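Visitor: Below are the structure tokens for one structure; questions will follow.
The values are calculated or read from the model by the stated rules, or taken from the named source; none is laboratory data. Since the structure is predicted, the reported quantities are computational estimates derived from the model, not experimental observations. Every residue, glycine among them, receives a Cβ derived from its backbone with ideal geometry; neighbour counts consider all protein chains shown. Note: accessible area is taken over every heavy atom of the protein model, side chains too, but ligands, DNA and RNA are not part of it. Shrake-Rupley method; radii C 1.70, N 1.55, O 1.52, S 1.80 Å.
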Amino acid sequence: MRELREKLHSQSGASILLALLFLLVCMMTAASVLTAASSNAGKIQSNYEEQQRYLALSSALRLVASQLEQAEYRGRYTVDKWTEIETLIGEDGQPLKDENGNDIKEEKPYYKIVQRKGLFTCGQLARLKMNADGSVYLDGNENPVEEGETVLTFRKEMDGLFARSFSGTGYDSLAEIDGEAVAELPTNPPDLSEVDHTTRVLTVTVEGDGEIGKRFGSVKVTVDMDQSRRIRLKAELEAGSAGTLRTYTMEAELAPKGNMPAIEYPEENRLPKDGREGNFKDDNLPPEDPKPAMETTKTAVGWKLDWISREVKEEKKGAGG
């Protein structure tokens, strides 16, 4: 050790070279430590931002999915029942006669079923509620209303599926009465170019974490349904600055629970008919209350969360997004 000190204090060229070499080793070691620390700091920051993106996207998806898990659809239709007095016709096409030569008549009961706009509720996103009698009213408004829309509704699409039950004599669907009252659904998986399809778009601001909102702003959630009644959610989040803007996405899907509602009619002693005609019972007059009775299906369709992706995908990048 004494020899090393002597050499360090020596004025010879070899001692100075040794000192410089020692200093170089110390500098390289310090540079390696600083590089590793900087690299770890960058990774920590990157992981932190990735976690923030994941929390923002997953929170938005779960928020919308939680409301859709409360969603419910019920079909509606009117049932018109009446009795007509008809003359019996024989095989020769002529009216049958009794022993006095009078036409033989009999009473025949008929019914006609017409689809009406269904009911679709959707948790807190729904502005409409259903009374016990099937009528609908706005929150805070006790005056029943017949029709309206929810914040997030698939009423037209579900009515389009329910319309398939209304076919044949004595059945009229909304598609036949008012084609604009129903909507088509794309195939499974959805091909959005296949039909005139409306994608629902919600803007969600995740509360409870000001840093996420400050860095990323709001999350856009698109909602689609296909013919299998599966609902697909896609959350999109833009982050970055001009020229380096990126869009990150996560997806989820809800599966239907319960079968499509069915028409819970007819009575076995009645026949379907397209409309009233001919003579009626009770002095040839229609019933005193000719208004058809409104029916609501007992079976309801609901949805439950099937899966939600665990990774954040980078959808696109470039100048201006």
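Visitor: Scan (1) in contact with a Lys or Arg (Cβ under 6 Å, 6 or more places away or on another chain); (2) at pLDDT below 90 for the single condition LYS304 breaks and write down its number.
Guide: (2)
Visitor: Just to be sure before I move on: is GLY318 surrounded by fewer than 13 Cβ atoms within 10 Å (Cβ to Cβ) and at pLDDT below 90 in the structure I sent? Break it down into steps so the answer makes sense when it comes.
Guide: On the way: surrounded by fewer than 13 Cβ atoms within 10 Å (Cβ to Cβ): yes; at pLDDT below 90: yes.
So GLY318 fits the description; yes.
Visitor: Right, here's the next one. Scan the range 156-167 and report the pairs whose first residue is without any contact (Cβ under 8 Å) to a residue 12 or more places away in the chain and whose second residue is open to solvent by 20 Å² or more (accessible area, probe 1.4 Å) and not small (Gly, Ala, Ser), with Cβ atoms within less than 9 Å and a gap of 6+ or a chain change.
Guide: ARG164/MET260
Visitor: So LEU285 passes all but one of these: (1) within 16 Å of PRO109 (Cα to Cα); (2) modelled with pLDDT under 70; (3) open to solvent by less than 100 Å² (accessible area, probe 1.4 Å). Which condition number does it fail?
Guide: Just one mismatch for LEU285, condition (3).
Visitor: In the set LYS156, LYS112, which member is modelled with pLDDT of 70 or more and part of a helix (DSSP H, G or I)? Before you say what the answer is, go through the steps one by one.
Guide: Numbers: LYS112 fails: part of a helix (DSSP H, G or I).
Just one listed residue meets the conditions, LYS156.
Visitor: Quick check on my filter: what residues within the range 249-266 are assigned to a loop (DSSP other than H, G, I, E, B) and at pLDDT 80 or above? Spell out how you get there, then give the answer.
Guide: Our first condition is that a residue be assigned to a loop (DSSP other than H, G, I, E, B); within the range 249-266, this holds for 258-266.
Result: GLY258, ASN259, MET260, PRO261, ALA262, ILE263, GLU264, TYR265.
Visitor: Among the residues of the range 165-190, count how many are modelled with pLDDT of 60 or more and in a loop (DSSP other than H, G, I, E, B).
Guide: 15
Visitor: Another question, if that's okay. Just need a number here: residues in the range 202-248 that are at pLDDT below 80, in a loop (DSSP other than H, G, I, E, B) and surrounded by 16 or more Cβ atoms within 10 Å (Cβ to Cβ).
Guide: 1
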